[in-house]
1. Check whether at least one residue in segment 172-179 is under 28 Å from residue 26 (Cα atoms), assigned to a helix (DSSP H, G or I), in the same structural domain as residue 67 (by TED's automatic domain parsing) and free of Cβ contacts under 8 Å to residues at least 40 places away in the same chain, and report yes or no.
2. Does segment 211-227 contain any residue that is under 23 Å from the mean Cα position of the chain (by Cα), free of Cβ contacts under 8 Å to residues at least 60 places away in the same chain, farther than 20 Å from residue 188 by Cβ and outside the structural domain of residue 120 (by TED's automatic domain parsing)?
3. Among the residues of segment 65-87, which ones are surrounded by fewer than 20 Cβ atoms within 10 Å (Cβ to Cβ) and in a helix (DSSP H, G or I)?
4. Given (1) surrounded by 14 or more Cβ atoms within 10 Å (Cβ to Cβ); (2) out of contact with any strand residue (DSSP E or B) (no Cβ under 6 Å at 6 or more places or on another chain); (3) touching a residue at least 12 places away in the same chain (Cβ under 8 Å), where does residue 54 come up short, assuming only one miss?
5. With the requirement that a residue be farther than 19 Å from residue 119 by Cβ and either under 22 Å from the mean Cα position of the chain (by Cα) or in contact (Cβ under 8 Å) with a residue 12 or more places away in the chain (or both), what does segment 237-258 give you?
6. So which of 289, 228, 260 ends up being more than 30 Å from residue 5 (Cβ to Cβ), touching a helix residue (DSSP H, G or I) at 6+ places or on another chain (Cβ under 8 Å) and surrounded by fewer than 15 Cβ atoms within 10 Å (Cβ to Cβ)?
7. Identify all residues within segment 142-171 that are outside any loop (DSSP other than H, G, I, E, B) and surrounded by 23 or more Cβ atoms within 10 Å (Cβ to Cβ); write none if there are none.
8. Just for segment 88-129: of the residues that are free of Cβ contacts under 8 Å to residues at least 24 places away in the same chain and assigned to a helix (DSSP H, G or I), which one is surrounded by the fewest Cβ atoms within 10 Å (Cβ to Cβ)?
């Protein structure tokens, strides 16, 4: 099936990025968020990012106007009836996602595919809450979407081959490299990445090294562009903790136990860059290690 129009639910960082790459790739985009301010912020972010890419010569000079002209917006679950594929990029809360599907599915065309950008929740379980489990799959984009080339495609037990093939073709059209992941907790990237970040936090917790030492060691010793504690702050420590809980509960292995220091930071509201404090204090420039 040829996807000509894509719907996106959620205008946060992920939904905004998906909208941008879709519009740049020539798709019509219908972007929805319950908060009008987030819609405005999303359009401003898309405008600014495309502008930077134009300045660098990576996009033609008319790319901003052309892409934004392809994006329609709404603050209600409406206007998705002519979408060929809808990506749900709402907050990582299963109950919220279920409520969205309950209201959204009756509005969709019979042929429409529904994808979830979930980073950890069972695709089989989510698909079972819809009227189209055969046309439901996981489409886990990486953050930031316009910069990272990967997308994980996850079949639920009922996902049919046409649905998966259509999603794979769309991923390629968006300039992404798709990889197939099985429907296990946290899929591929986060199953590998989150325990690494958790182990870095354990290294700090046990006094093996300071924040600066841990991050410098990994940047210079493995050529990672960001140290693991800096990366955890960027992702959000609450997000990291939630993913570790998914792994610990879903796989029942003590190696996935969240570090107590991670738990304490989240309890304190020190959730990283978005909160102004995590393993670094972002009130200064450059940020200072908090331990």
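The values are calculated or read from the model by the stated rules, or taken from the named source; none is laboratory data. Computed from a predicted model, the values in this text were never measured in an experiment. Positions of Cβ are generated from backbone atoms using ideal geometry, with glycine treated the same way; all protein chains shown enter the neighbour counts.
1. So far as segment 172-179 goes, yes, one or more of its residues are under 28 Å from residue 26 (Cα atoms), assigned to a helix (DSSP H, G or I), in the same structural domain as residue 67 (by TED's automatic domain parsing) and free of Cβ contacts under 8 Å to residues at least 40 places away in the same chain.
2. To start, the set of residues in segment 211-227 that are under 23 Å from the mean Cα position of the chain (by Cα) comprises 224-227.
Within this subset, residues satisfying the condition of being free of Cβ contacts under 8 Å to residues at least 60 places away in the same chain are 224-227.
Pick out the ones that are also farther than 20 Å from residue 188 by Cβ and you get 227.
Imposing the further condition that a residue be outside the structural domain of residue 120 (by TED's automatic domain parsing) reduces the set to 227.
The answer is yes; a qualifying residue exists.
3. The initial filter retains those residues of segment 65-87 that are surrounded by fewer than 20 Cβ atoms within 10 Å (Cβ to Cβ), namely 65-66, 68-70, 72-79, 81-82.
The answer is 65, 66, 68, 69.
4. Here residue 54 meets the rest and fails (3).
5. Hits for segment 237-258 are 255, 257.
6. Details: 289 fails: surrounded by fewer than 15 Cβ atoms within 10 Å (Cβ to Cβ); 228 fails: surrounded by fewer than 15 Cβ atoms within 10 Å (Cβ to Cβ).
Checking each option against the conditions leaves just 260.
7. If we filter segment 142-171 for residues that are outside any loop (DSSP other than H, G, I, E, B), which is where we start, we get 150-155, 161-171.
Correct list: 151, 153, 154, 163, 167, 170.
8. From segment 88-129, those free of Cβ contacts under 8 Å to residues at least 24 places away in the same chain are 93, 95-96, 99, 110; that's our starting set.
Next, only the ones that are assigned to a helix (DSSP H, G or I) stay: 95-96, 99.
Values: 95: 7, 96: 13, 99: 13.
Here the answer is 95.
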